[in-house]
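Student: Have a look at this one before I ask anything.
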Amino acid sequence: NNSSRTALIRAARDGHFEALELLLSFPGIEKNIVDKKNRSALHYAVLLHHKQCVECLLNDKDVNPQLRDDSSFTPLHIAASNDFSDLIRLFADRDDVDLNCVDSIQWTPLHVAAKCGSTSFVEELLQHENVDVNRQNLMKRTPIFNAIENEKIEVVKVLFSREDLDLSVVDSEGHTAKDVALQTKNEDIINLLLNK
């Protein structure tokens, strides 16, 4: 069809678990085929929060969980932007999933979740010690910058729970997280940072 979606992508998109499971069992099926948006079956299963389909796809070692779509998002970035914290463990259980994977501007899923205010996603992601809370993007900003700039106070509080959070990081414009907090004029966030 016009969007060049395969039966596999359609099954994942529509949440048809049984059909997806059957299709994955066919010898020679292309499990990582993408559509015009460069989205795979796994991208759609995550985007539409079809958890059973996500689990089925991630249980198949031939499915690549690190593919990027046209927005340069992996399926994990999509989960982060939608606060689908219940999917993190499914990804973390795979040895080949990098929880610190980056998009084209070096944003990790934690950067995305912090910007979007995906509090439960941030909480769940931080349960994994290998998640780098101080990973810098192209602008040299860490996830705390995103949470502060977008005034996501609950995410800021969760990020503060990490002892390894570094508030002395300076971005490419010479600002620290405290500088960004002062620019927001959000008293609650400013007070949180001044008392940290």
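The values are calculated or read from the model by the stated rules, or taken from the named source; none is laboratory data. Just so we're clear, the structure is a prediction, and the values are computed from it rather than from any experiment. With ideal geometry, Cβ positions are generated from the backbone for all residues, glycine too; neighbour counts draw on all protein chains shown.
Student: One residue is enough: does segment 117-126 have a residue meeting the conditions outside any loop (DSSP other than H, G, I, E, B), of a type in the set (G, A, S) and in contact (Cβ under 8 Å) with a residue 12 or more places away in the chain?
Tutor: Taking every residue of segment 117-126 in turn, at least one turns out to be outside any loop (DSSP other than H, G, I, E, B), of a type in the set (G, A, S) and in contact (Cβ under 8 Å) with a residue 12 or more places away in the chain.
Student: Still on this structure: Identify all residues within segment 51-95 that are of a type in the set (D, E, K, R) and closer than 23 Å to F26 by Cα; write none if there are none.
Tutor: K51, E55, D60, K61, D62, R94
Student: Hey, among A177, A181, A114, which residue is within 14 Å of the chain's Cα centre (by Cα) and small (G, A, S)?
Tutor: Answer to the check: A114.
Student: Tell me which residues, restricted to segment 127-171, are more than 16 Å from T108 (Cβ to Cβ) and without any contact (Cβ under 8 Å) to a residue 24 or more places away in the chain.
Tutor: If the condition is that a residue be more than 16 Å from T108 (Cβ to Cβ) and without any contact (Cβ under 8 Å) to a residue 24 or more places away in the chain, then E163, S168 are the ones that fit.
Per-residue answers, yes or no, for (1) modelled with pLDDT under 95; (2) not in a loop (DSSP other than H, G, I, E, B):
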| site | (1), (2) |
| --- | --- |
| A12 | no, yes |
| P27 | yes, no |
| E30 | yes, no |
| Y44 | no, yes |
| H49 | no, no |
| V54 | no, yes |
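Student: Restricting attention to segment 79-107, and to residues there that are charged (D, E, K, R) and in a loop (DSSP other than H, G, I, E, B), which single residue is surrounded by the most Cβ atoms within 10 Å (Cβ to Cβ)?
Tutor: Checking each candidate, the answer is D103.
Student: Then there is this: Might you let me know whether segment 34-42 holds any residue that is of a type in the set (S, T, N, Q) and either surrounded by fewer than 14 Cβ atoms within 10 Å (Cβ to Cβ) or in a helix (DSSP H, G or I) (or both)?
Tutor: No, segment 34-42 contains no residue that is of a type in the set (S, T, N, Q) and either surrounded by fewer than 14 Cβ atoms within 10 Å (Cβ to Cβ) or in a helix (DSSP H, G or I) (or both).
Student: Would you confirm whether or not segment 44-65 contains a residue that is crowded, with 20+ Cβ neighbours inside 10 Å, of a type in the set (D, E), in contact (Cβ under 8 Å) with a residue 24 or more places away in the chain and closer than 18 Å to I9 by Cβ?
Tutor: no
Student: Within segment 120-143, how many residues are within 13 Å of S81 (Cβ to Cβ) and of a type in the set (V, I, T)?
Tutor: The total comes to 1.
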